[in-house]
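Only one structure is covered here, and it is reproduced in the block below.
The values are calculated or read from the model by the stated rules, or taken from the named source; none is laboratory data. These numbers come from a predicted model, not from an experiment. All Cβ positions, even for glycine, are placed from backbone atoms using ideal geometry, and neighbour counts span all protein chains on display. For the accessible areas, the whole protein counts, side chains as well, though only heavy atoms, and no ligand, DNA or RNA atoms are used. Shrake-Rupley method; radii C 1.70, N 1.55, O 1.52, S 1.80 Å.
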Amino acid sequence: MTDTLQARIADALHTAFGHAPDLWVQAPGRVNLIGEHTDYNDGFVLPCAIDYRTVIAVKGRDDRLIRVVAADYGHTIDTFDLDAPITPHPTLQWANYVRGTVKMLLEHLVPLGLGLRGADLAIAGNVPQGAGLSSSASLEVAVGQAFKALCGLDAVSQTDLALIAQRAENRFVGVNCGIMDQLISARAEAGHALLIDCRSLGGQAVHLPEAVAVMIVHSRVKRGLVGSEYNTRRSQCEAAARHYGVAALRDVDGERLLRDRGDLDDVVFRRARHIVTENARTTAAAAALAAGDLVRLGELMAASHVSMRDDFEITHPAVDRLVEIAQAAVGQDGGARMTGGGFGGCVVVVLPDARIGEVRAAIEAAYRSPEGEPPAIWVSHAATGAGALR
Ligand code: GLA
C-alpha cells in the first residue's frame, strides 16, 4: 500500500514543482489500547502506532519559500515565506497543520540559534480521517520530521517534535488536545505499544506478544460532539484537581478519591473516578501485555469501557453495542473497548492473528450503525514511529 502511496506523492511533487525528492519521511497514525483522557491529567496512556501513515516527499530549495502540494486534497498548493509572519490559511484547512508546525518549529529553533531552509513538499496519507486514528497528529509530526531530516536538526529530539506538533494543534489549529497522539506518532517502536507517563513524557516500550494483532472497528458514528464535550471533560477534570488540592488528577489515588470526596459534585466526582481508575488500569494493562496475559488485558479493557460509558460518559449506544459484539466474538483471547476521544469513532480489539478472519466476520455480521451501515475494519500490527520512509 505504501508503494502506491509513494508513487502518487512522487507524481504530485513532479507535476506541481517539476522535480524529484531529496528525501522521504513518514509518521504513523495511532490507536490507544487503554488510558483514555488520562493524558491531559498528567496520567498514563498505552497507545501503539498503526500501519497507516502520512508520507512526505521533500526537495530542498535555495530560497526561503515553502511550497506544499496536498495529493489527497485535489492537488491544492499552499505557498508561504519563512521570513514573513506565518498566519492561518484563509481557506485550506489542511495547510494549517503544515503552517502551524513550521511556525512552532521555528519558535523552538530560535533560542537554539538554528533555523529552517525553504523546501517543496508533496504530502499524502492513508490514515483513515475522522475516525479518531490521529490523521492530523501524523500530518503534524510528518511535517516536523521532514524539516528535521532536511535541515539536519539533530538537536530536536522526537519528544521535542511531538511537543512542537501538539503546540501547532493547540495554538494554531485551535484544538486543545493532550500529548498522546503526537508522542506515539513520533516515538513508537515496531512491535511495541508505549506506556507513556504524560507528566515526565518518559516512555516504556511494551512488547506485544508474538502473533497478536490490533483490529480497529469504526462504528460509523460521527464524532460530532468531540470538540465541545472534550473541553467540558477537561474543565471538569481541572475542577476535580482543584477540589483535591493537586496539580493534576494523576496525584489522586483510589483511597484519597473516596476519603476527600467531601461535597464534590456527583458528575465531577465520576469524571475524577474515571481518571483515577483508568490510570491504575493502564499501568496494570502494560504489565499484563508484557507478561502475555491477554485474559487480564481483556478484563482491564472491558472495565475501561464501562468506566468511559458510566463515569466519563463519552461513549455512544451504538459504540457500546459494537463493543459487546466484539467482546463476545473475541472471548477470552483478547479484549475490546472504545478508543480515542469518544462520542462515536472506533473500537479497538486486541486478538491473536489466528482469529482475525473469524472475529471480523462475526462483527461484520452483527453490527450496523444507526444509519444501517456496516462497520469499517482495519487490521494492523504495532508499527514504527516517525522517521525516514523505509
Ligand atoms: C484525543 C486527544 C488526545 C487524548 C484522547 C483521549 O485523541 O487528541 O490527546 O486526550 O483524545 O484519550
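Using alpha-carbon pairs under 8 Å, 6+ residues apart, how would you state the relative contact order of the stretch 250-390 in percent?
The normalised contact order for the stretch 250-390 reaches 17 percent.
Place +1 on the Cβ of every Lys and Arg and -1 on the Cβ of every Asp and Glu in the stretch 193-334, take the dipole about the Cα centre, and give the residue among Leu258, Cys237, Ala326 whose Cα lies farthest towards its positive end. Projecting each Cα onto the dipole axis, the largest value belongs to Cys237. Computed 3J(HN,Hα) for the stretch 55-66, one whole-Hz value per residue from the Karplus formula 6.51 cos²θ - 1.76 cosθ + 1.60 where θ = phi - 60°, is 10, 10, 9, 10, 10, x, 10, 8, 10, 10, 8, 10, glycine and proline marked x. If you take the Cα centroid of the stretch 310-356 and the Cα centroid of the stretch 15-49, the two points sit 22 Å apart.
Close amide H partners of Arg61, meaning residues 5 or more places away or on another chain with modelled amide H under 5 Å apart, are Gly118, Ala119, Asp120.
Placing unit charges on each Cβ (+1 for Lys and Arg, -1 for Asp and Glu) gives the chain a dipole about its Cα centre, and among His37, His381, Ala213 the Cα reaching farthest toward its positive end belongs to His37. Obtain the radius of gyration and the Kirkwood radius of the stretch 317-390 from its C-alpha atoms and give Rg over Rh. Using Cα coordinates only, the ratio equals 1.02. With the simple spin-label model, which puts each label point 7 Å out from Cα in the Cβ direction, the Asp197 to Ala239 separation comes to 3.1 nm. One decimal place: the segment Ala302-Thr76 gains 77.0 nm when fully extended, by the rule 0.36 nm per residue minus the C-alpha distance. In this structure, the amide hydrogen of Leu23, modeled 1.01 Å from its nitrogen in the peptide plane, lies closer than 5 angstrom to those of Val58, counting only residues at least 5 positions away or on a different chain. GNM on the chain, alpha-carbon springs under 10 angstrom: the most fluctuating residue among Ser304, Ser235, Ser380 is Ser235. Measuring between their Cα centroids, the stretch 245-297 and the stretch 106-179 lie 31 Å from each other.
Here the dipole of the chain is about 340 debye; that uses its Cα centre as origin and unit charges on the Cβ of Lys and Arg (positive) and Asp and Glu (negative). When the P(r) is computed for the stretch 241-311, the part past 22 Å accounts for 29% of the Cα-Cα pairs.
Peptides 168-176, 141-149, 316-324, ordered by how many other C-beta atoms sit within 10 Å of their residues on average, highest first, read 141-149, 316-324, 168-176. Fully extending the segment from Arg259 to Glu373 would add 36.4 nm, taking 0.36 nm per residue of separation and subtracting the current Cα-Cα distance.
Its Cα gyration tensor gives the stretch 305-360 an equivalent ellipsoid; the semi-axes, largest first and in whole Å, are 22, 10, 9. Computed from the Cβ-Cβ distance with R0 of 30 Å, the FRET efficiency linking Asp63 to Thr15 stands at 0.90. Given the protein chains as shown and a 1.4 Å probe, how many square angstrom of Arg309 are accessible, to the nearest 10? Near enough 90 Å² of accessible area.
Taken about its Cα centre, the stretch 211-312 carries a charge dipole of roughly 380 debye when the Cβ of each Lys and Arg holds +1 and the Cβ of each Asp and Glu holds -1.
For Lys103, the lysines whose Cα comes closer than 29 Å to its Cα, not counting residues fewer than 8 places off in the same chain, are Lys59, Lys148. The length gained by stretching the chain between Thr87 and Leu114 to full extension, at 0.36 nm per residue less their Cα-Cα distance, is 7.6 nm.
Ranked by the mean number of other Cβ atoms within 10 Å of their residues, highest first, the peptides 275-281, 150-156 fall in the order 275-281, 150-156. Each peptide in 249-257, 110-118 receives the mean, over its residues, of other Cβ atoms within 10 Å, and ordering these scores from highest gives 249-257, 110-118. Here, the chain has an Rg and a Dmax of 21.0, 67 Å when only alpha carbons are counted.
Computed about the Cα centre, the dipole magnitude for the stretch 14-60 is approximately 260 debye when only Lys and Arg (+1) and Asp and Glu (-1) carry charge, each at its Cβ.
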